[in-house]
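Right, I'll just put the structure down here and ask away after.
The values are calculated or read from the model by the stated rules, or taken from the named source; none is laboratory data. Keep in mind that this is a model prediction, so the values were computed, not measured. Glycine gets a Cβ as well: all are built from the backbone with ideal geometry, and neighbour counts include every protein chain shown.
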Amino acid sequence: MSPLEVIHNYKNFPEDIDTVVTIGTFDGVHVGHRKLLSRLFADAKAKKLKSVLLTFFPHPRMVIQANNSIKLINTIDERIEILSQTDLDYLVIHPFDKEFSNLTAFDFVRDVLVDKLNVKQLVIGYDHRFGKNREGDFEQLKELSHTFDFSLKEIKAQDIDNIAVSSTKIRTALNEGAIATANEYLTTPFFINGVVVQGAQIGNTLGFPTANIKIPQLYKLTPKNGAYVIRATYQQVTYYGMLNIGTRPTVGGSSKSIEAHLFDFNQNIYDQEIKVEFLHYLRDERNFYALEALKEQLQTDKKNSLDFLKKLNLL
């Protein structure tokens, strides 16, 4: 597997490389996306061409619908991280803005796909729409493929619908705390990357010190408030633990926080980056009548977390 090359702005793509291209946001890089990508890789290998995924950032809905509050499964850096573990040759991230959104379907195919990405084959989902006001559809792509002499491969409706997975379904599952469902669709555990910041340190007084995690990207989705079993990676070492998302009502909190307690871990990691994967939903957030009751619940959470991890032979 050759390393993934990330190119920002399609205009920077190398002139002398012929390609098989697919297009999309690929938020989550879920099982449906992977089916399309496997077709892309197979065709690129058979034709001795390079595989290219053309994606956009910011998400088009963030630009076209100015007040849109869409939350994404992956930040753009997380998407790069996931795609770097596949056979993809080139990830082209083009900045999506109003000007680009006004490109007609014809101009998009001619100026982007043909003139800059040197497309020889396009692999596309049956319902893909593109160009200004999403005017371009598969029928227009068929006409343009003849005009500009590239082949077109459609991923049939039944191929995608049989999987019955979409980024929207995964977002819904995460918002409901259905981590097992989301992870099944994603094929790998949902994760966040963040920086450890100073907290109120109440966990220390309860015997459960926590790392308070701040996610810099406001558009990143966080799952439903509650307690979770997690796997954390810090400086390339794996730790297991439990995590709470919520407003900490027991101690009079009001703003949302993400607090992770790692088992058998005793390091000062303020201002350090940490990755957290969500493995299991333990319970809803609750308002306890006293700190002692909260401490008892945390002890129960730890026992339930360890039981879950041992059941999966992770400990």
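Pairs under 8 Å by beta carbon, first residue over 18 Å from Lys45 (Cβ atoms) and without any contact (Cβ under 8 Å) to a residue 24 or more places away in the chain in segment 74-93, partner buried (at least 21 other Cβ atoms within 10 Å of the Cβ) and of a type in the set (Gly, Ala, Ser), six or more apart or different chains?
none
Quick grid of which residues meet (1) surrounded by fewer than 20 Cβ atoms within 10 Å (Cβ to Cβ); (2) β-branched (Val, Ile, Thr); (3) modelled with pLDDT of 95 or more:
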| site | (1), (2), (3) |
| --- | --- |
| Val123 | no, yes, no |
| Tyr126 | yes, no, no |
| Gly131 | yes, no, no |
| Arg134 | yes, no, no |
| Phe148 | yes, no, yes |
| Ala164 | yes, no, no |
| Thr168 | yes, yes, no |
| Ala182 | no, no, yes |
| Ile192 | no, yes, yes |
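Quick one: would you say Gly28 is in contact with a Gly (Cβ under 8 Å, 6 or more places away or on another chain), of a type in the set (Gly, Ala, Ser) and assigned by TED's automatic domain parsing to the domain that holds Thr75?
Values: in contact with a Gly (Cβ under 8 Å, 6 or more places away or on another chain): no; of a type in the set (Gly, Ala, Ser): yes; assigned by TED's automatic domain parsing to the domain that holds Thr75: yes.
No.
Moving on to the next point. Given the condition part of a helix (DSSP H, G or I), touching a residue at least 40 places away in the same chain (Cβ under 8 Å) and assigned by TED's automatic domain parsing to the domain that holds Ser51, answer yes or no: does some residue in segment 115-128 qualify? Break it down stepwise before answering.
Residues of segment 115-128 that are part of a helix (DSSP H, G or I), as a first pass: none.
No; the residues of segment 115-128 include none that is part of a helix (DSSP H, G or I), touching a residue at least 40 places away in the same chain (Cβ under 8 Å) and assigned by TED's automatic domain parsing to the domain that holds Ser51.
Okay, moving on. Which one of these does Val52 not meet: (1) among the β-branched types (Val, Ile, Thr); (2) under 21 Å from Ile215 (Cα atoms); (3) modelled with pLDDT of 95 or more?
Evaluating Val52 over (1) among the β-branched types (Val, Ile, Thr); (2) under 21 Å from Ile215 (Cα atoms); (3) modelled with pLDDT of 95 or more leaves (2) as the failure.
Report yes if Leu262 is touching a residue at least 60 places away in the same chain (Cβ under 8 Å), assigned by TED's automatic domain parsing to the domain that holds Gly203 and not β-branched (Val, Ile, Thr), otherwise no. First the steps, then the outcome.
Details: touching a residue at least 60 places away in the same chain (Cβ under 8 Å): no; assigned by TED's automatic domain parsing to the domain that holds Gly203: yes; not β-branched (Val, Ile, Thr): yes.
Judged against the criteria, Leu262 is not a match.
Let me ask something else. Quick check, is Ser101 in the same structural domain as Leu122 (by TED's automatic domain parsing) and without any contact (Cβ under 8 Å) to a residue 40 or more places away in the chain?
Values: in the same structural domain as Leu122 (by TED's automatic domain parsing): yes; without any contact (Cβ under 8 Å) to a residue 40 or more places away in the chain: no.
Here the answer is no, as Ser101 does not meet what is asked.
Being of a type in the set (Val, Ile, Thr) and more than 28 Å from Lys98 (Cβ to Cβ) is true for just one of Val20, Val52. Which residue is that? Break it down stepwise before answering.
Numbers: Val52 fails: more than 28 Å from Lys98 (Cβ to Cβ).
Answer to the check: Val20.
Can you pull out the residues in segment 55-80 that are crowded, with 21+ Cβ neighbours inside 10 Å and either over 16 Å from the mean Cα position of the chain (by Cα) or assigned to a loop (DSSP other than H, G, I, E, B) (or both)?
Correct list: Ile73, Asn74.
List, please: which pairs have Cβ atoms under 7 Å, are six or more places apart or on different chains, and start with a residue in segment 289-305 that is assigned by TED's automatic domain parsing to the domain that holds Ala227 and end with one that is surrounded by 13 or more Cβ atoms within 10 Å (Cβ to Cβ) and assigned to a loop (DSSP other than H, G, I, E, B)?
The qualifying pairs are Leu291/Leu206; Leu294/Leu206; Leu294/Phe288; Lys295/Leu206; Gln297/Phe288; Leu298/Leu206; Leu298/Phe208.
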